[in-house]
Amino acid sequence: MSTLAILEFPDPRLRTVAAPVTVFDAELKQFVADMYETMYAANGVGLAATQVNVHKRVLVADMSDERNQPMVLINPEILEKDGQQVYQEGCLSFPGIYADVTRALHVKVRAQDVDGNEIVVEAEGPLAVCIQHEMDHLAGKVFVDYLSPLKRGMLLKRMEKQRKASA
């Protein structure tokens, strides 16, 4: 396994719409393993393939404290969503930046596993937020797109300041 480089905003590749996965092989399994390793190494709870510059519809997540509940969703699509919640989101492509985002409270998602088998996942609360957030990446959307222009501008200025300070 290896750690992959995570793209950081405003990298234009984060706006790429991911293509469906059509081949379920050893290469895909290795890529998913690398995504898990990358997500865990970066102390994240979710990661979309778009964030590591692979434009395929693959996301991984693990919301558990013990890091022992890995989930992969390939070619995910939301079947149902309901309710509403506001959750403070962060993103590995926006280091150190957090903002309140309103999303569905509950989602039902159809996807495939690494072998191509169809799975249906129902998620609520933080896991539902994570899935919606990562699915947005696959559509070329990032969480700051949900913010007002003023709030987005303030966060991006803060991120730029942090980047300059650590350079």
Could you go through the stretch 140-163 and let me know if any residue there is closer than 25 Å to VAL17 by Cα, aromatic (Phe, Trp, Tyr), outside any strand (DSSP E or B) and in contact with a helix residue (DSSP H, G or I) (Cβ under 7 Å, 6 or more places away or on another chain).
yes
Any idea how many residues of the stretch 78-95 are loosely packed, with under 12 Cβ neighbours inside 10 Å and either under 25 Å from PHE9 (Cα atoms) or touching a helix residue (DSSP H, G or I) at 6+ places or on another chain (Cβ under 9 Å) (or both)?
2
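Every residue, every condition in (1) out of contact with any Asp or Glu (no Cβ under 9 Å at 6 or more places or on another chain); (2) in contact (Cβ under 8 Å) with a residue 12 or more places away in the chain, yes or no:
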| residue | (1), (2) |
| --- | --- |
| ASN68 | no, no |
| GLN84 | yes, yes |
| GLY90 | yes, no |
| SER93 | no, yes |
| TYR98 | no, no |
| VAL120 | yes, yes |
| GLY125 | yes, yes |
| MET135 | no, yes |
Selection within the stretch 133-167 - under 20 Å from GLU77 (Cα atoms) and surrounded by 19 or more Cβ atoms within 10 Å (Cβ to Cβ)
HIS133, GLU134, MET135, ASP136, HIS137, LEU138, VAL142, PHE143
Any residue in the stretch 27-41 that is farther than 13 Å from ASP62 by Cα sitting within a Cβ distance under 9 Å of a residue that is exposed (fewer than 13 other Cβ atoms within 10 Å of the Cβ) and modelled with pLDDT of 95 or more? List the pairs, counting only those 6 or more apart or interchain.
LYS29/ASP115
Give all pairs with beta carbons closer than 8 Å in which a residue from the stretch 140-162 that is closer than 29 Å to LYS56 by Cα meets a residue that is surrounded by fewer than 13 Cβ atoms within 10 Å (Cβ to Cβ) and modelled with pLDDT of 95 or more; count only pairs at least 6 apart in sequence or on separate chains.
GLY140/VAL17; TYR146/THR102; ARG152/ASP145
Evaluation of LYS108 against (1) in a strand (DSSP E or B); (2) basic (Lys, Arg); (3) surrounded by fewer than 12 Cβ atoms within 10 Å (Cβ to Cβ) (one fails), failing number:
(3)
Exception for ALA99 within (1) assigned to a helix (DSSP H, G or I); (2) surrounded by 15 or more Cβ atoms within 10 Å (Cβ to Cβ); (3) not β-branched (Val, Ile, Thr) falls at (1)
Take the residues in the stretch 112-132 that are of a type in the set (A, V, I, L, M, F, W, C) and in contact with a His (Cβ under 8 Å, 6 or more places away or on another chain); name whichever of them is surrounded by the fewest Cβ atoms within 10 Å (Cβ to Cβ).
ALA123
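The values are calculated or read from the model by the stated rules, or taken from the named source; none is laboratory data. Quick caveat: nothing in here was measured; it's all calculated off a predicted structure. Cβ coordinates were reconstructed from backbone atoms using ideal geometry, including for glycine residues, and neighbour counts include every protein chain displayed.
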